[in-house]
1. Under a point spin-label approximation (7 Å from Cα along Cα-to-Cβ), what is the A:E74-A:D166 distance to one decimal in nm?
2. Once you charge only the Cβ atoms, +1 for Lys and Arg and -1 for Asp and Glu, what is the size of the charge dipole of the protein assembly as shown about its Cα centre, to the nearest 20 debye?
3. Under unit Cβ charges (Lys, Arg +1; Asp, Glu -1), what dipole magnitude, rounded to 20 debye, does the range B:1-148 have relative to its Cα centre?
4. Ratio of alpha-carbon Rg to the 2.2 N^0.38 Å globular estimate for chain A, to two decimals, please.
5. Per residue of A:398-408, how many C-beta atoms from partner chains lie within 10 Å of its own C-beta, taken as a mean?
6. Of the peptides B:80-92, A:176-188, how do they stack up when ordered by the mean number of other Cβ atoms within 10 Å, highest first?
7. Across peptide A:319-331, what mean number of C-beta atoms from other chains lies inside 10 Å of a residue's C-beta?
8. Of A:S216, A:I313, A:V292, which is farthest on the positive side of the dipole of the range A:204-340, counting Cα position, with +1 on Lys and Arg Cβ, -1 on Asp and Glu Cβ, and the Cα centre as origin?
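No value in this document is a laboratory result; all are computed from the given coordinates. Small disclaimer: the values here were computed from a predicted structure and weren't measured. Cβ placement follows ideal geometry from the backbone for every residue including glycine, while neighbour counts extend to all protein chains displayed.
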Amino acid sequence: MTLALEIAKTHLLAKPKQTLVAMLGVTFGIGMFIAMVGLMTGLNNFTEELTMTSSPDIHIYNDITRERPTILEEVNPSGINVVLHQKPKKVTPKLRNALQLAEVIRKDPRVIGVAPTLSSQVFYNYGPVQLNGTISGVDILEEDKLFDLRSKMKSGRIEDLKASTDGIIMGTGLARKLNVKTGDRVVITTPEGYTMTLKIVGTFQMGIGTVDNIRSYANISTVQVILQQDQSYITDINIKLADLHQARSIAPEFQAMSGYKSEDWETANSTFLTGVIIRNILTYSVSFTLLVVAGFGIYNILNMTIHNKMKDIAILKAMGFSGGDVKRIFMIQSLVIGFFGSLAGLMIGYLLSYAISKAPFNGGDFISLDHFPVNFDPRYYVIGIVFGVTTTAVAGYMPSRKASKMDPIEILRG
Amino acid sequence: MEQVLRTHKVTKYFYDPEKFQVLKEIDLSVNRGEFLSLVGKSGCGKSTLMYVLSTMDTDYEGELEISGERLTGKSQNELARFRNEHIGFVFQFHYLLPEFTALQNVMIPALKLKRYSHKEVEERAYEKLKMLGMQDFALKPSNKLSGGQQQRVAIARGIINDPDIIMGDEPTGNLDTYNTHLVFDIFRELTHTYRQTIIAVTHDSEFARNSDRVIEMSDGKIVGSSAQGVVKP
């Protein structure tokens, strides 16, 4: 053991209470950082996962609410035309050549799944109960590739849908409200007035109320029949990418290629993602404040120690310790406080995180959640200890430098 | 006689509160094995001179040489190393490190020097403590020792690296008569038996009278030098 280390150790152990108080400052800061970061990133990951299950990476559809030029402008292009309260044109949300478009997109190497779908508003009737909802016509195996439907099935199998012409897979929330089970038959009515009886072959749960309470899946052909449309009638194309973070840059390419609105998941869920950013800002600002407070604590304690040790520093210098040696002695002390304080903080943080992750929390009808989601990613533990040691090093540097610069003669002469 | 310390025209000013010349062209040489006392009234510059000689004060004009090495103009780090190896200190207030035992206090300068292994350093520290009659207190915390005992430990610490010179700033200033005699006898033995050089600033006229050479200062100048208490102009 080097001499500076030994002297630092003796100083720390000579005043255990003071050392402990200094460490506790760091411990508290780091512990809170870990607990907060664990909870916040846990929530972030959870919401991100939820948005991923409910929306595709890129969604191509026919945006019928887009502004269109009035007929007046076509007739009189050079004049000043004012049209008030323009009546929407009767257009179908159909994507032209959707299946060919899907084939083209499928060949893109950045794409790992393409699912053409069509969906419609429908009424579900079961006995006297009548509920509003949507029905999606999908190739269920493609859909499984995109949203991992198989793992979300609560009853039945997705292959059962493929095998039947009048089957549907219903969201658990919708099934509960209708009071139906797998094997029951429900009557559906489209806005156009077409009625059909379908058989429930399975139920699924995504974990989000807005999906589970209204959506059912059926085969594409079944929904085309319900809507009384031809076999090429497709309203949406959902795309899964190899890297979902590229969605934002790829979406405009597909929009230009297809001529239809192409929306990436970040835009579609921007409110969710704003929450993520705000939580991150909160976490880091609160943790930083805690650590700065701990840093001031260390600065004070070290300053006081050095003030009390003026004579010792003077004699050490007389005996041949250089300014650097003296600085080292006090830097070691602050780093030891920082390191062990942070280490204890990581443990406290882990215990807090564990306690939070076991706390019951009812997500209600909106999201299916019974405990807080907590992230135990070791990366944040590494950040925590680096953060803690850095803060103490900065806080300890100034008093240590002061000690190293002190003139021993002034002290020794009395 | 072998010269161990030599100064040439050492001059020093204080600037606070106003410019004031404390040391005026001091020429001094000290032989090996000499027991030298620096005396003079308060404010005559004797302590200031000692701190210049000790290399801790570098803000002076003139030249300083110890053991044939010119020390004027060296960096603080070089001087620290030099002090560690060549100069021992004994102060009025003992300045032991209170958290450490007597033995550890004695060992610290030697551990810093790294000339010997840890084990050898410990043996040597015991030897020095024994020489000063302090071996029984070696493992006591230094703040549990009496003033005289602490001063003896401080002397042991001062000689652990076999320095060329021991510098003392009122080494007996804070001790009772018994301990003053004790410390004086130790110094005496160190110079005569071990040929150790000692330069001590003192107010104690008896202490000074019994040393080998007395240098009297007044107003920043050496006004008298005497051997065995006889003042020669």
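1. In this crude spin-label approximation the distance works out to 4.3 nm.
2. Charge dipole, the protein assembly as shown, about its Cα centre: 620 debye, nearest 20.
3. Working: 21 positive and 20 negative charges, 57 e Å.
So the dipole magnitude of the range B:1-148 works out to roughly 280 debye.
4. So the Cα radius of gyration is 1.51 times the expected 2.2 N^0.38 Å.
5. Working: counts 0, 0, 0, 0, 0, 0, 0, 0, 0, 3, 4.
Average per residue, whole number: 1.
6. So the peptides B:80-92, A:176-188, ranked by packing, come out B:80-92, A:176-188.
7. Numbers: counts 16, 17, 7, 10, 3, 3, 4, 1, 0, 0, 0, 0, 0.
Per residue, the average neighbour count from other chains is 5.
8. A:I313
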